[in-house]
Amino acid sequence: MRVAPFSARVGPTPSLLGRRGARAARWAPATTALTGSVVLALSTGVSAADVTRFAVGTAWSVLLPGLVVTRWARPHPSSLLGEVATGFVVGLGLQLTAWAMFVGVGGPGAGHWLALYPLLFVTAGAISHRLRARLRAPTYSERVPAAAAWSLCAAYLTAIAWLWATVLDRTPLPPGRGRWYQDLYWHLSISAEARHSAPPEVPQVAGEPLSYHWFANAHMAADALVSGVDVLVVGARLWYLPVYAAIIVLTYLLAARLAAAPWAGVLAVALVVVPSALAPVRWIAAVGAESLIPQSPSQIFGLPGLLVLIGTLAGIVAAPNGGAVRRGEWILLMLFAMLSAGSKSSILPTVLAGLLLVLVVSWWRRRTDPTRSLAPTLAATALVALVLLPASRLLAGGSAGSTLGFLTAVDQTTALQHATALERAGVIGTPLLLSLAGIIGLLIAVQFAGVLLAWPLRHDPRAVLLAGCVLAGFGALMVVHHPGGSQLYFMRGVMPIVAVLTAWGAAHAVRREARSVAVTAGAVALGVVAGLAGWAAVALAGGTQQGPQTGITRLALALSVLAACAVLAVAFLRVRRRPPGRAPQWWPRCWLRSWCPVPSTADEALWPPCVCQGRASCPPPRSRAPPGYESTPPPQP
């Protein structure tokens, strides 16, 4: 009898080892991100048992139902990552629906049975032959490149590290002692209330309905009911991690799909994750330049719904000649709109404005192209408006109302606050103060100038949709005034859209004109050098002298720097010769990028701390502590 060689009798074949190695390499980024999440949770006081129960509860009550419904609505997914990310958001909506039925209809104590609701979807998949056929493992046509996968892993680990540094490290779990950011106490009380009442009531007043976008708090309560983990641990620690992952993945998927380039998705994720202090284009952190604000659970919870809503609408408005849209897409659109309405009240108004802009532009172009159909866009606009109208009355509001104003975002900048103090002290006049307010308003707009990269895409209705959302967010930032500065969330809510639109425009520019890459890089480098030089000039203008003259000198020099930048930009654009037969569309964008770092001198070097010493009209000195946190230690018991 012939005996097989030893290598054939023991262990897998080399080809099998190669397949296993390739599979392990594909899953390595996800495994690394999951490991980082576990390490973060354990290092912040969460027990291993709570981490395990929360992970199992999220997979059971959010991911499983969401994937079943997503596969029913979209039976031919293009990628595993996209299906899982979309299924997670769909599962959030389904979990909240089940929570409302169990807690609101079932009465006290019924919430503990919430963990049984996924059995409905398991049963549906087992009984329905058509659904069971759709649930079989599909053949995905797309796969995330390894470099992009590792970039997403790095972005996620960076985001949760920033989360730890700004919130988790400063909010110790009991019995640890420390003072939390004040809003987190309130959100935790709503989450605790949501375990017993749906919709939740005001925690401080029995029987008083809560007029607020409370879906994030209901999600925390549902997670606690399903997993058995204390709502304090869920609300202060665990719920952030899967939502952060969904934000990063959905941003990547949206940008990569629109730009047809994976690196564009990575660029969009980088623009979302990197703190504004590290990005020279975003030099004013107080005017909505960041979207990942962990001190606002409603802001974090609203971003995944916004991204899938925009992605679904992009497919609808771009339907060729009004082609038929699948019934499942309309159902998902309704679910995403309702989820966004209850997550953050500032989301749907900006989306509706984007749809209205698409309608106007499409109607204007239809005069020359009669085959262009407006029916899908009209239906989507009506659906979003139908959701927004009741949500604005039931899921928005508060004790501090908003009013209309003019350049309201300028009031949030340090430069204007200190210049206002100078004006009250009689150091500068009112005309100079108003001029500075107008200039700072322009500078706030400049920090979002990256969206101008997408100007050549203006004929694409998807780009018009994204641009309309951004314009609406910026407009609300400038004309809505809230006593607590909450108008900033109109812009913060669309910052992922800004990142996606910027990355999409960058990908288009790279494909269209390779030389603009080198020119843009050189312009940004030159602008950084000019910005540092201007900062040094303004900061050293007054020397070490004390008194009002120092403030006047710095203010005058800072305004001179800004004026010089504007004059040089306009003059160069006027004398620049255009190449024959085509307009240099890339050159204004390069100039904007070279100009952006320079105006940072106005905010960083304008204010002399010695000018208003001892005067009651001066604002408090700038604090380097994170916003909302006290620098003094908590009182001893």
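Listing for the model above:
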quantity: As computed over segment 225-270, the Cα convex hull volume per residue (Å³); calculated: 71
quantity: Magnitude of the charge dipole, segment 127-275, Cβ model with Lys/Arg +1 and Asp/Glu -1, debye to 20; calculated: 660
quantity: Alpha-carbon centroids, segment 326-381 and segment 78-154: separation in whole Å; calculated: 25
quantity: TRP364, TRP180, TRP60, ranked by accessible area, largest first (probe 1.4 Å); calculated: TRP364, TRP60, TRP180
quantity: Using alpha carbons only: equivalent-ellipsoid semi-axes of segment 24-180, gyration tensor based, whole Å; calculated: 30, 26, 12
quantity: Values of log10 I(q)/I(0), in the order q = 0.22, 0.25 Å⁻¹, for segment 330-371 under a Debye, Cα-only, solvent-free model; calculated: -0.74, -0.82
quantity: Alpha-carbon Rg/Rh ratio, for segment 155-224, with Rh computed the Kirkwood way; calculated: 1.05
quantity: Evaluated at q = 0.13, 0.14, 0.17 Å⁻¹: base-10 log I(q)/I(0), Debye formula over Cα of segment 151-277; calculated: -0.67, -0.75, -0.95
quantity: Estimated dipole of segment 15-109 in Debye, rounded to 20 [Cβ of Lys and Arg +1, of Asp and Glu -1, Cα centre]; calculated: 440
quantity: Accessible-area value, LEU471, 1.4 Å probe, nucleic acids and ligands omitted, Å²; calculated: 120
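The values are calculated or read from the model by the stated rules, or taken from the named source; none is laboratory data. Since the model is a prediction, treat every value here as computed from it, not as a measurement. Virtual Cβ from ideal backbone geometry, glycine too; neighbours counted across all protein chains shown. Ligands, DNA and RNA are excluded from the accessible area calculation, which covers all protein heavy atoms including side chains. Shrake-Rupley method; radii C 1.70, N 1.55, O 1.52, S 1.80 Å.
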